[in-house]
Amino acid sequence: MTHPVIELLESEVLSPESSAKKKDQPYFFELENDTEWASGIFCQAGLDEISRGLDKTIETFIDELVSLTESTSPIELVVQSEREASLAREIDENFTHAKAVNDLWILRSGVQEVDVLVELGELAQALSSLDTLRSRLDVFGKTYPGSILEIDIKSHIESIAKTIKDRLENGWTNAIVFGTDDKSNSLTVKQTIQDDLTLQSVYEALQVLDTKDKVGLKSNRVDYLLRTIERNIIDPILSLKVSSANVIEDKLELALENSDKKPDVNAILEALTTAVKFLQDSFDPPLLSVVIAKRFASIIIRKLTSSTLPGLFPETSKGLSLFKKQLGIVIDFETFLNQIKWISPSTRDLSNWVDDFTNEWVIYRKTTYFDELRLAVFSGIELEGYSAREGATGTEVSKTRDKKELKASDSNDEWNWNDEEDHNNEDDKSQPSEKGNSYNDDQAEEDSWGWGEEGDEGDVKQKTFDIPQSRDDSQALETSQEQLTFLTKMTISTNVNAIARIIEKFAAEVMDQTTSLTNHVSDIVDLYQSLLPLIYNTSVPSPLIISYNDLVALATEAETGSIPHVSEKTTEQLKQLANAQLTKVLEESQSKILSYLTKANRFEDCTGENLESSELAIAGVMGFMRNRAEEWKQYTSYPVTVQLLGSVLETAVAAIIEAIESHQDISEEESVQLSNIITTITTLEEIFDNPQVERKEGQSFAAFYVPSWIKFQYLNEILQSKLADITYMHSNGALVDFSSSELTRLIKALFVDSEYRRRAIDEVSGL
């Protein structure tokens, strides 16, 4: 609801045409000029007339009240007459009217002040006065809520604000003008925009607007100016696109270089000095010049040292001496920046760069070769053959523990197990061992247990067992030496030769300019190593194997000196990374093998419902191993191939052994099926064949690379043997790979409980 005083002023006092006027009311008065309230409120005459009318009315009421007081006795003054009370109320009301008029007067004065400041071009101060005026209007609106006067004044204030905004936008646009075309870039800066408007006043006003954003002018106008200066002036110079810079009055003009010819150091530094001096001189407002200096000083120094000057480096060391003589102007430019206070006296980045110029040149050339390396390795990989002596990279062939050859025949004392049991003459061979390695007739009659019913007897002495064959120590050593001495062949990518060529070129170019050549070469190798996951992706056949081969080849060439200046530390890193690639291959392959075997459900009930799952699992293992053998033999060397195959097959063999040993009960039919599984797996012996070394009869390459291979074969024998056969093999040391608990579990699973089984368990348990 509108305040009664303002409503009265609006309807009665400020609107002479209102039909509600009542001339007999003591507070009524007429304006001398027939004006509407809106114009009256904002003109000098309007408020003056209102003020004079109120003053005259108040004075008339006071005179009448005094007259009544003087004509009344003192006693009658105690109780005022009704007329006196009415006059007093009317005086109070008119004083209230006068206060409202005074508030309006203050608002009008604020508006007039802003108008004057705008006309004088003091736009920043005008914006501050507008803020004050808005605050006063807010107070007025709270004192006299709902007044149409408040709305009118607010509209007038926003009109003034828009005028200021338009003047600022036009002033800023006219003061700073950028020009671009194919031949030149230019910047014009006018200090005086109009008679009453300068760049100084525009900038100060922009600061107010960007900070308070009161009138909707686009914020960050100064930031936009700085970005445009950087894009149109600073960057073209530092990017070697400017041939010269000139200043004509208030205009800076850069001549663009449209050819591939690069300007020299002098031309670039002279253009840069001209541009910086123009910026310093043209933007007089202290705050603006400080902002420009703070923004561009570090940018100019950083780009000069990181790209501009290196972009002018000579391609060979022959031009270094001449180039260094031109660097004196760089020191002069740093001195100039110090003089105009763009940098502090302690800043010597450019001087330090000049002092370290030779090393900077080496680093720049190294980055050039970085780019060449990236281009080479990502331009497509081609494969080629490579040969090197195995062992040059420190690759070692893992060995299982050595076992003696064990053979069962009619003369059952002709095998050896260890040095303590070696027999050197016929007398020794005729004597039984302490463990009872030979049986006499009495023993045969007493201890001949079989698979069938208790009491079945068999002539153990006359039984010949098909026991797996191992190799003796001399044969193992001879075989391993054969494998390690021939030239190993593997497939590498063209990356090896590309990297070797890059290192050779770089070393030849900078050798005389640095004492840290091995460190720089290490950086090139490090870059290659960091890019490995991207280089050897799915588009490369057997990517992990090829990356391993490349790393091995690089390490080999570095050790032999074919690739120069590679440190021992870097070579060792290449080897370690190569081994890491093989570890990934191994882990992926082992995981795949276990995923196949998991489907076999530990080969439980392998003759019943689980038969198909067991067969599929073994078929998966067989197919996977043969495919990997074919792939690895195609791409990497034989020693690496058999090591990988051995480790992966060991995973399968160990898992199958553990699964079979976990069975609580194995029927005769199941034992046959489990034996078939083992027999099927043992046919993988052929994947270990060495194409350059003929396998001798009875020789097992698989046993050399699969630690549990012989144990696996003996497990097959156990599954097919009678109790007497098992104890016979145990007493002769053939089952040394099995612990007593393993043998006990197998015997319990394979044979029904009986006195013979208990005696066999006691024997394998050492009881």
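The values are calculated or read from the model by the stated rules, or taken from the named source; none is laboratory data. Please read all numbers here as calculations on a predicted model, not as lab measurements. Reconstructed Cβ throughout: ideal geometry from the backbone, glycine too, with neighbour counts over all protein chains shown. Protein only, heavy atoms only, side chains kept; ligands, DNA and RNA dropped before computing areas. Shrake-Rupley method; radii C 1.70, N 1.55, O 1.52, S 1.80 Å.
Among the residues of the stretch 699-710, are any closer than 28 Å to Ser637 by Cβ, among the hydroxyl-bearing types (Ser, Thr, Tyr) and open to solvent by 50 Å² or more (accessible area, probe 1.4 Å)?
No, that holds for no residue.
Any residue in the stretch 752-767 that's acidic (Asp, Glu): show its pairings with residues that are open to solvent by 70 Å² or more (accessible area, probe 1.4 Å) at Cβ separation under 9 Å, as long as the two are six or more apart or on different chains.
Sorted first by the residue in the stretch 752-767, then by its partner, the pairs are Glu755/Glu454.
Would you check if there is a residue in the stretch 660-675 being out of contact with any helix residue (DSSP H, G or I) (no Cβ under 9 Å at 6 or more places or on another chain) and in a helix (DSSP H, G or I)?
Yes, some residue in the stretch 660-675 is out of contact with any helix residue (DSSP H, G or I) (no Cβ under 9 Å at 6 or more places or on another chain) and in a helix (DSSP H, G or I).
Consider the stretch 493-521. How many of its residues are farther than 29 Å from Glu587 by Cα and open to solvent by 20 Å² or more (accessible area, probe 1.4 Å)?
Number satisfying all stated conditions: 14.
What helices (runs of 4 or more DSSP H) completely inside the stretch 284-388 contain at least 3 residues that are open to solvent by 70 Å² or more (accessible area, probe 1.4 Å)?
286-303, 320-325, 349-355, 357-377
Tell me, please, whether a residue that is touching a Pro at 6+ places or on another chain (Cβ under 8 Å) and either at pLDDT below 80 or within 28 Å of Leu225 (Cβ to Cβ) (or both) can be found in the stretch 180-194.
So far as the stretch 180-194 goes, yes, one or more of its residues are touching a Pro at 6+ places or on another chain (Cβ under 8 Å) and either at pLDDT below 80 or within 28 Å of Leu225 (Cβ to Cβ) (or both).
Just one of the numbered conditions (1) open to solvent by less than 40 Å² (accessible area, probe 1.4 Å); (2) out of contact with any strand residue (DSSP E or B) (no Cβ under 9 Å at 6 or more places or on another chain); (3) part of a helix (DSSP H, G or I) is not true of Cys606; which one?
Of the numbered conditions (1) open to solvent by less than 40 Å² (accessible area, probe 1.4 Å); (2) out of contact with any strand residue (DSSP E or B) (no Cβ under 9 Å at 6 or more places or on another chain); (3) part of a helix (DSSP H, G or I), the odd one out for Cys606 is (3).
Here is a check on your reading of the model: is Phe738 out of contact with any Ser or Thr (no Cβ under 6 Å at 6 or more places or on another chain), without any contact (Cβ under 8 Å) to a residue 60 or more places away in the chain and of a type outside the set (Gly, Ala, Ser)?
Criteria met by Phe738.
May I ask you to say which residue of Ser147, Ser155 is modelled with pLDDT of 75 or more and either crowded, with 19+ Cβ neighbours inside 10 Å or not acidic (Asp, Glu) (or both)?
Only one candidate passes the filter, namely Ser155.
Here are some conditions: (1) assigned to a strand (DSSP E or B); (2) surrounded by fewer than 16 Cβ atoms within 10 Å (Cβ to Cβ); (3) aliphatic (A, V, I, L, M). Leu254 meets all but one. Which one does it not meet?
Unmet condition: (2).
Of the residues that make up the stretch 536-550, is at least one in contact (Cβ under 8 Å) with a residue 40 or more places away in the chain, more than 25 Å from Gln643 (Cα to Cα) and open to solvent by 20 Å² or more (accessible area, probe 1.4 Å)?
Yes, some residue in the stretch 536-550 is in contact (Cβ under 8 Å) with a residue 40 or more places away in the chain, more than 25 Å from Gln643 (Cα to Cα) and open to solvent by 20 Å² or more (accessible area, probe 1.4 Å).
Residue under question is Tyr714, and the condition is that it be within 24 Å of Gln590 (Cβ to Cβ), in contact with a Gly (Cβ under 7 Å, 6 or more places away or on another chain) and either in contact (Cβ under 8 Å) with a residue 12 or more places away in the chain or open to solvent by 40 Å² or more (accessible area, probe 1.4 Å) (or both); does it hold?
no
In the list Glu686, Glu669, which residue meets the criterion of being within 49 Å of the chain's Cα centre (by Cα) and either within 22 Å of Ile761 (Cα to Cα) or charged (D, E, K, R) (or both)?
Only one candidate passes the filter, namely Glu686.
Would you check if there is a residue in the stretch 165-172 being among the small types (Gly, Ala, Ser), more than 48 Å from the chain's Cα centre (by Cα) and crowded, with 18+ Cβ neighbours inside 10 Å?
Kept after step one, since they are among the small types (Gly, Ala, Ser), are these residues of the stretch 165-172: 171.
Cutting the leftovers down to more than 48 Å from the chain's Cα centre (by Cα) gives us none.
Within the stretch 165-172 (the criterion being among the small types (Gly, Ala, Ser), more than 48 Å from the chain's Cα centre (by Cα) and crowded, with 18+ Cβ neighbours inside 10 Å), the answer is no, since none of the residues qualifies.
Criterion first (among the polar types (S, T, N, Q), open to solvent by 30 Å² or more (accessible area, probe 1.4 Å) and in contact with a Lys or Arg (Cβ under 9 Å, 6 or more places away or on another chain)) does Ser613 satisfy it?
yes
Based on what the data block shows, is Thr274 modelled with pLDDT of 90 or more, surrounded by 16 or more Cβ atoms within 10 Å (Cβ to Cβ) and not hydrophobic (A, V, I, L, M, F, W, C)?
yes
Counting only residues that are surrounded by 16 or more Cβ atoms within 10 Å (Cβ to Cβ) and small (Gly, Ala, Ser), how many does the stretch 551-579 have?
Number satisfying all stated conditions: 4.
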